[in-house]
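Structure record follows, encoded as C-alpha cells.
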Amino acid sequence: MTDTTTDGPPVGDKSAQQHLAHVVFIAGAAAVGGFLFGYDSSNINGAVLGIRQHFNVGAGVTGLTVSSALIGSAVGAWFGGLLSDKIGRIRTMQLAAVLFLISAVGAMFPFSVWDLAIWRVIGGIAIGIASVIGPAYIAEVAPPAYRGRLASLQQLAIVLGIGVSALVNWVVKDLAPVAADGSHNLNGNLGGLESWQWMLGAAGIPAIVYFVLASIIPESPHYLLSIGKVDKARKVIAEVEGEENADAKLADIQRGLKREEKSSVRNLLGGRFGLLPIVWIGIALAVFQQFVGINVIFYYSDTLWHSVGQNTDSLLISMVSPVINILGTFIAIAFIDRVGRKPLLLIGSVGMAIGLGVAALAFGHADKVNGELSLPGVWGPIALVFANIFVLSFALSWGVILWVLLGEMFPLRIRGAALAVGTAANWVANWVVTVSFPSMSNWNLSFTYWIYTAFALLSIPFALKFIKETKGTSIEDVV
C-alpha cells in the first residue's frame with residue numbers, strides 16, 4: 001500500500017532531494033538482500049543437470065538437494081525478526097551476507113551431494129533472514145511519503161536477482177566445453193572446475209557487496225530507540241527526513257514503541273480449527289502462491305526444457321522467464337494502488353490457469369525419442385509461450401500481492417506472529433513443490449502441470465470469498 005501522506009519535506013526543495021537520494025541509497029542497499037534472495041534461490045536452476053551427472057543421482061535426491069535451501073529459508077524467516085530485535089538490523093544483514101558467502105563457497109567445492117545440500121541449507125537460512133529483514137528495515141527508515149515505492153524495491157530486487165542468476169548461468173554454460181551433440185557440457189573442465197560449480201560459486205560476489213553496503217548504512221532508528229540510543233536515532237532521522245522533522249518523528253517512534261505489544265503464536269489461537277480464521281486465510285494465501293508451481297520455472301526450467309527436447313538452448317530459453325517476471329513486477333507496482341489487490345489477484349489467477357492448462361495440454365503430446373522426451377511440431381513453442389503467460393500472470397498478481405497482503409491483512413495485535421506463520425507456510429509449500437517436481441515430472445509431466453492448473457483455478461473462488469480489499473486502508477484500522 002502506497003502511503004500518500006506528505007509530512008516529509010517538499011520534493012522540490014534541494015535539501016529534500018538530497019534527503020530523498022540518501023534514503024533511496026539506504027533502501028537500495030538493504031534491498032541487496034532481496035537480490036541475493038532471488039539470486040541464491042534460483043542459481044541452482046542452471047546447475048541441476050551438472051549436479052545430477054557429477055554425483056550420479058536420480059530425481060528424488062536431486063529434488064531433495066534443490067529444495068534443501070527452502071528448509072533453511074523457513075528457519076531463517078521464523079527467527080530473522082527475533083534476531084534483528086536482539087542484535088539490530090545491520091548486524092542481522094551482515095550475518096545474512098556472511099551466510100550467503102559461506103554457502104556459495106561451500107556449494108562451489110562440495111565433496112558429495114549431501115554436503116552440497118548442507119551448504120544449500122545454510123544459504124537458505126540467509127535467504128529466510130533476508131526475506132524479513134529487508135522489508136522491515138526499509139519500512140523503518142523510509143519517510144511516509146515514499147514508503148510504498150521504496151518498499152517495492154525489495155520485490156524488484158528479488159526478481160532482478162532471479163534474472164541476473166539466469167544470465168550468469170547462461171554465460172557460464174556458454175563458456176563450457178561443447179559436447180558431441182552440440183550442447184555445452186556442464187561437467188566439462190572450465191578453469192579447473194566443472195562449469196556448474198562456477199554457477200553456484202558466483203553467488204559469493206553479491207554476498208560480499210551486501211556485507212559492504214550493510215556496513216555503511218545506518219542502523220534503524222526504531223532499533224536505536226529500543227536500546228536507548230536516542231541521539232543516534234535522531235541523527236539517522238535527520239539524515240533521512242530533514243532536521244526540521246527530526247524531533248516530531250522521534251516522538252512518534254517513541255510513542256509507537258511504548259504502545260507496541262509483542263505478538264506471539266499464542267495470540268493466533270482460537271476459532272473452530274485451532275487458529276483465528278484470518279490466520280488460516282493468510283496461510284492459505286501463502287500456500288496457493290506456491291502450489292501453482294511457480295518456482296518449478298525458476299528452479300528447474302533448464303531441466304524442464306531440456307527434458308522436452310530443447311537441448312541446445314534450454315538455459316537461454318530459461319532466461320526469458322526471469323525477464324518476463326521483472327516486467328510483470330513493474331506492472332504490479334504500477335497498478336496495485338490503482339486497481340487494488342483483489343482485482344489483480346483474480347486477473348492473475350485466470351491468466352495462470354490458462355497458461356498452466358495449455359502448457360499441461362502441450363506436455364501431454366510429448367513423445368519419447370531415443371529415450372528422451374520431445375515435443376513434436378508446434379507443441380514446443382506453444383508450451384514455451386503459455387508457460388511464460390503463466391509467469392507474467394503470476395508476477396503481476398500473486399508474486400507481489402501476497403507480501404503486500406500479509407503486511408496489511410492482520411490486526412496489529414497479531415501482525416508480527418501471523419506474518420511469521422504465513423511466511424513459514426510459504427516456504428514449506430515451496431519446499432513441497434520443489435522436492436516433489438523431479439519425481440512427479442518423471443512420472444507424468446503433463447499431469448503434474450494439470451495439478452498446478454487445478455490450484456490456479458481453486459485460487460479464484462478462494463480470493464472471491466476470503467480476500468478483503470485493503471487498498472487505501474490504514475493498517476492501524478485493520479481489525
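The values are calculated or read from the model by the stated rules, or taken from the named source; none is laboratory data. Everything numeric here is computed off the predicted structure, so don't read it as measured data. Note that we place each Cβ from the backbone using ideal geometry, even for glycine, and neighbour counts take in every protein chain shown.
State whether the residues of the stretch 230-238 include one that is assigned by TED's automatic domain parsing to the domain that holds Gly34 and assigned to a helix (DSSP H, G or I). Walk me through how you get there before you give the answer.
Step one: list which residues in the stretch 230-238 are assigned by TED's automatic domain parsing to the domain that holds Gly34, which gives none.
No, the stretch 230-238 has no match at all.
Just checking, does the stretch 100-117 include any residue being part of a helix (DSSP H, G or I) and closer than 12 Å to Gly33 by Cβ?
So in the stretch 100-117, the residues part of a helix (DSSP H, G or I) come out as 100-108, 113-117.
Subset that is closer than 12 Å to Gly33 by Cβ: 100.
Within the stretch 100-117, one or more residues are part of a helix (DSSP H, G or I) and closer than 12 Å to Gly33 by Cβ.
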Discussion item. Can you go through Gly351, Gly309 and tell me which one is modelled with pLDDT of 70 or more, within 15 Å of Ala387 (Cβ to Cβ), more than 18 Å from the chain's Cα centre (by Cα) and not charged (D, E, K, R)?
Written reply: Gly351
Fill in: the stretch 112-130 residues that are outside the structural domain of Tyr210 (by TED's automatic domain parsing) and touching a residue at least 12 places away in the same chain (Cβ under 8 Å), paired with ones that are surrounded by fewer than 18 Cβ atoms within 10 Å (Cβ to Cβ) and among the aliphatic types (A, V, I, L, M) (beta carbon under 8 Å, 6 or more apart)
none
Worksheet item: Of (1) in a helix (DSSP H, G or I); (2) at pLDDT below 85, Asn444 satisfies all except one. Which?
Response: (2)
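Listed here are the residues, each with its yes/no results for (1) buried (at least 21 other Cβ atoms within 10 Å of the Cβ); (2) modelled with pLDDT of 80 or more.
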site: Gly242; (1), (2): no, no
site: Gly271; (1), (2): no, no
site: Pro277; (1), (2): no, yes
site: Phe298; (1), (2): yes, no
site: Ser318; (1), (2): yes, no
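Quick one: which of Leu160, Leu186 is assigned by TED's automatic domain parsing to the domain that holds Gln94, under 26 Å from His54 (Cα atoms) and under 29 Å from the mean Cα position of the chain (by Cα)? Don't jump to the end; show me each part of the working.
Values: Leu160 fails: under 26 Å from His54 (Cα atoms).
On inspection, the qualifying residue turns out to be Leu186.
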Fill in: Complete set of residues in the stretch 49-96 that are among the charged types (D, E, K, R) and either surrounded by 20 or more Cβ atoms within 10 Å (Cβ to Cβ) or more than 22 Å from Ala418 (Cα to Cα) (or both)
Arg52, Arg89, Arg91
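Given the criterion buried (at least 23 other Cβ atoms within 10 Å of the Cβ), at pLDDT 90 or above and not small (Gly, Ala, Ser), identify the matching residue among Leu99, Leu153.
Working: Leu153 fails: at pLDDT 90 or above.
Matching residue, one of Leu99, Leu153: Leu99.
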Worksheet, complete the sentence: In the stretch 47-103, anything touching a residue at least 40 places away in the same chain (Cβ under 8 Å) and of a type in the set (S, T, N, Q) is listed as Gln53, Thr62, Thr65, Ser67, Ser68, Ser73, Ser84, Thr92, Gln94, Ser103
